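Please read the structure below before turning to the comments.
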Amino acid sequence: FGDVWKRKELAPRDRSLVTLSALVANGQAAQMTSHINLGLDSGLKPSEIVGILTHLAFYPGWPNAMSGVAVARQVFTQRGIAADALNAATAELLPVEPQAEARRAATVKENVAPTAPALARYTDEVLFADLWRRQDLAPRDRSLVTMSALIARGQVEQMPFHLNRAMDSGLTQVQAAEVVTHLAFYTGWPRAMSARPVLQTVFAGRK
């Protein structure tokens, strides 16, 4: 807290978002109370914390997300946060970028649908047609949450798509590198080191 959290390469709000995502992903609910409070103090909205939990139910899974919900509910109650503050400002879904969405859908149709058609349908109709278009998290933040969870779980094979998506939404190379550096302290050096080659490949591919 005297060094890493004060580095300028990533804002305190983003550090809280990244840390919370890693804690939820690894089911570390005992650490979440202090980090939810820190996140709120650093500028995360209650609705964004709800958005993190909802999003991560689809990535590290429902049990980890539901454990996080119990902690968040307790913090919100203690801080007197009203229920209406937990909802996103609008239920209207964000628009999609047609060409990028067409490429994504084609990949799912080619690689997932032949083996697991129901998984392909849920991926298209629930994950990307609904969850990824919700306004409780900005697109950049949603990608950042996903990246953090993947690093925390050691699932770096899924990272290139999500890192590119994050950078398309405004995440810089410096910020992406700092996310991995920050997560070394929360997910362990081996997982951060496993993510580093992904950064290198994606950065080179975007030049």
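Among the residues of segment 1-22, the ones that are part of a helix (DSSP H, G or I) and open to solvent by 10 Å² or more (accessible area, probe 1.4 Å) come to 6 in all.
Selection over segment 114-135 of residues that are open to solvent by less than 10 Å² (accessible area, probe 1.4 Å) and within 17 Å of the chain's Cα centre (by Cα) gives a count of 1.
For segment 89-98, residues that are surrounded by 10 or more Cβ atoms within 10 Å (Cβ to Cβ) and modelled with pLDDT under 85 total 1.
When the residues of segment 125-160 are filtered to those that are small (Gly, Ala, Ser) and free of Cβ contacts under 8 Å to residues at least 60 places away in the same chain, which remaining residue is farthest from Ala176 (Cα to Cα)?
We begin by selecting, within segment 125-160, every residue small (Gly, Ala, Ser); these are 129, 138, 143, 148-149, 152, 154.
When the remaining residues are screened for being free of Cβ contacts under 8 Å to residues at least 60 places away in the same chain, the result is 129, 138, 143, 154.
On the way: Ala129: 26, Ala138: 16, Ser143: 11, Gly154: 16 Å.
Filtering segment 125-160 for residues that are small (Gly, Ala, Ser) and free of Cβ contacts under 8 Å to residues at least 60 places away in the same chain, the one farthest from Ala176 (Cα to Cα) comes out as Ala129.
Within segment 148-207, can you find the residues that are among the charged types (D, E, K, R), open to solvent by 70 Å² or more (accessible area, probe 1.4 Å) and under 20 Å from Ser16 (Cα atoms)? Across segment 148-207, the qualifying residues are Arg153, Arg191. Any idea which residue in segment 31-83 is farthest from Ala152 (Cα to Cα), counting only those that are open to solvent by less than 20 Å² (accessible area, probe 1.4 Å) and assigned to a loop (DSSP other than H, G, I, E, B)? Result: Leu44. Considering only segment 99-111, I want to know if a residue exists there that is within 20 Å of the chain's Cα centre (by Cα), touching a residue at least 60 places away in the same chain (Cβ under 8 Å) and open to solvent by 70 Å² or more (accessible area, probe 1.4 Å). Taking every residue of segment 99-111 in turn, none turns out to be within 20 Å of the chain's Cα centre (by Cα), touching a residue at least 60 places away in the same chain (Cβ under 8 Å) and open to solvent by 70 Å² or more (accessible area, probe 1.4 Å).
Here Leu86 fulfils each of the conditions (1) surrounded by 12 or more Cβ atoms within 10 Å (Cβ to Cβ); (2) closer than 27 Å to Met167 by Cα; (3) of a type in the set (A, V, I, L, M) apart from (2).
The values are calculated or read from the model by the stated rules, or taken from the named source; none is laboratory data. All figures in this text were calculated on a predicted structure; none of them were measured in a lab. Glycine gets a Cβ as well: all are built from the backbone with ideal geometry, and neighbour counts include every protein chain shown. To get the accessible areas, we keep the full protein, side chains included, count just its heavy atoms, and leave off ligands, DNA and RNA. Shrake-Rupley method; radii C 1.70, N 1.55, O 1.52, S 1.80 Å.
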